[in-house]
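Structure record follows, encoded as structure tokens.
None of the figures in this text is laboratory data; all of them are computed from the coordinates on show. Predicted, not measured: the structure shown is a model, and the values here were computed from it. Here the Cβ positions follow ideal geometry from the backbone for every residue, glycine too, while neighbour counts run over all protein chains shown.
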Amino acid sequence: MVRQETDVTLRRCTECRGYAYGGGPACAVCRDLVDGLVEGAWAVFLRQWDTVAGGDQERALAEMVAAEPDRHDWRIVDAAFDRLVCPDCGGRLARGPVGCPACDLAHGFRYAAIETDRPGVPPGNEHAIRVNVSVVRRPQVTSESEVLVRRLLLPLLLAGFLPTTEAAQRMSALMKKSPPGRRAQLVEQAVEGLAEEFSRTRRAARAAASSPTSPDTPAATRHRSARGRPR
């Protein structure tokens, strides 16, 4: 699957008022948006296979994908697991409780799936999205603190952001030293700071790219002052 250009912009959720996609799983609107990342890819996949949703053919297709996760995009693999029933816990495969043997096994296999970065994003952005989506959609197997950070960072990742090693270390240190009662507030403030910095950097990059004197502008199209014209 070829990833498209980044088309998710930072915007506020109408329900939780945080950044859209970042309020799940508690916020129903954000939770549906995150599920939509997977479901949208599956809908395209069904059309490619000329298969109707909800029938035996869809289940057979899901079983095929689950048996060969390394041949499919991670969103397709996650969607396929959603359509299969876990033989141990009876829930959706790979999304069961901690300690469910079949779900834990499938959860590990999901990371064999293909991850393709979109054009214009830092290398590794799609992997970060993939991990954060997995955590948000199966929060019961992850610590509350990690779910908090990953859900709040997800909107930035979808917009094309990828934290540096230093930024990730600062976030980790903040998590460890923050009092439990103020942890969510402090992490939200830190993520807001990252979002503002990311937005400024992106605006500056776009302005530089559109400048007639930008290094990326072909020499033939650069505007030069004529002799005697005020600069």
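The single condition from (1) touching a helix residue (DSSP H, G or I) at 6+ places or on another chain (Cβ under 7 Å); (2) crowded, with 19+ Cβ neighbours inside 10 Å; (3) in contact (Cβ under 8 Å) with a residue 40 or more places away in the chain; (4) not in a loop (DSSP other than H, G, I, E, B) that Pro155 fails is (1). Determine if the range 101-109 includes at least one residue that is of a type in the set (Phe, Trp, Tyr), in a helix (DSSP H, G or I) and buried (at least 21 other Cβ atoms within 10 Å of the Cβ). No - not one qualifying residue is present in the range 101-109. Contact annotation: residue pairs with Cβ atoms under 6 Å, 6 or more positions apart or on different chains, pairing a residue in the range 165-183 that is free of Cβ contacts under 8 Å to residues at least 24 places away in the same chain with a partner that is among the small types (Gly, Ala, Ser), are Leu174/Ala190.
Yes/no matrix, rows are residues, columns are (1) under 13 Å from the mean Cα position of the chain (by Cα); (2) under 22 Å from Val29 (Cβ atoms):
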position: Arg83; (1), (2): no, no
position: Pro101; (1), (2): no, no
position: Ala113; (1), (2): no, no
position: Val121; (1), (2): yes, no
position: Asn125; (1), (2): yes, no
position: Thr164; (1), (2): no, no
position: Arg170; (1), (2): no, no
position: Gln185; (1), (2): no, yes
position: Gln189; (1), (2): no, no
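For the range 47-98, a tally of residues being surrounded by fewer than 16 Cβ atoms within 10 Å (Cβ to Cβ), in contact with a helix residue (DSSP H, G or I) (Cβ under 7 Å, 6 or more places away or on another chain) and outside any loop (DSSP other than H, G, I, E, B) returns 1.
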